[in-house]
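First up is the structure itself, then whatever we jot down about it.
The values are calculated or read from the model by the stated rules, or taken from the named source; none is laboratory data. In this text, all values refer to a predicted model and were calculated from it rather than measured experimentally. Cβ atoms come from the backbone with ideal geometry, glycine included; neighbour counts cover every protein chain shown. To get the accessible areas, we keep the full protein, side chains included, count just its heavy atoms, and leave off ligands, DNA and RNA. Shrake-Rupley method; radii C 1.70, N 1.55, O 1.52, S 1.80 Å.
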Amino acid sequence: MARILITDDAMFMRMQLKGILTSLGHEVVGEAADGLEAVEKNKELKPDVITMDITMPNLNGTEAVREIRKTDPDVKIIMCSAMGQQRMVVEAIEAGAQDFIVKPFTPERIKEALENVLSLD
């Protein structure tokens, strides 16, 4: 199973995502509250997958993806977006994210996104 870093500025969303991911058998190796923290924790923890919220303080999700891609071209990144952020999702995919899930998300969609990105090797 995958080692995952969860990035979201809302603690509730991180907790919800962590519960779903661990119930699917994955290991949550860390959490980040903004894009800047995600960039640093990616270097430190070397996760297989990062879930990345789009709208966050300090460094938004798309900017964080660009920074992470500079040093880690292989990590899989799944964007998490609210409804109505399609343009931002497109920008994130262009920056290097491989998939996205729309909030509020379901365990089934999270499982599907993980299977998608993990099969890219």
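What to note about this one:
- Accessible surface of the chain [probe 1.4 Å, protein heavy atoms]: carbon and sulfur percent: 55 percent
- For the peptides 32-43, 104-115, the ranking by packing is 32-43, 104-115, with the highest mean count of neighbouring Cβ atoms within 10 Å listed first.
- Surface accessible to a 1.4 Å probe, per residue, for the residues of the chain, Å²: 50 Å²
- Based on alpha carbons, the Rg and Dmax found for segment 80-121 are 10.6, 30 Å.
- Note on segment 60-120: with charges restricted to the Cβ of Lys and Arg (+1) and Asp and Glu (-1), its dipole about the Cα centre is near 120 debye.
- Across the chain, Cα pairs under 8 Å and at least six residues apart give a relative contact order of 22 percent.
- If you bin all the Cα-Cα distances of the chain at 5 Å, starting from zero, the percentages per bin are 2, 13, 26, 28, 21, 9, 1.
- Dipole axis of the chain (+1 Lys, Arg; -1 Asp, Glu on Cβ), positive-most option in 106, 29, 64: 106
- Electrostatic tally near residue 14: other residues with Cβ closer than 13 Å to its Cβ, Lys and Arg +1, Asp and Glu -1, net -3.
- Secondary-structure-derived ellipticity at 222 nm for the chain, considering helices only, amounts to -14500 deg cm²/dmol, per-run term -39500 (n - 2.57) for DSSP H runs with n ≥ 4.
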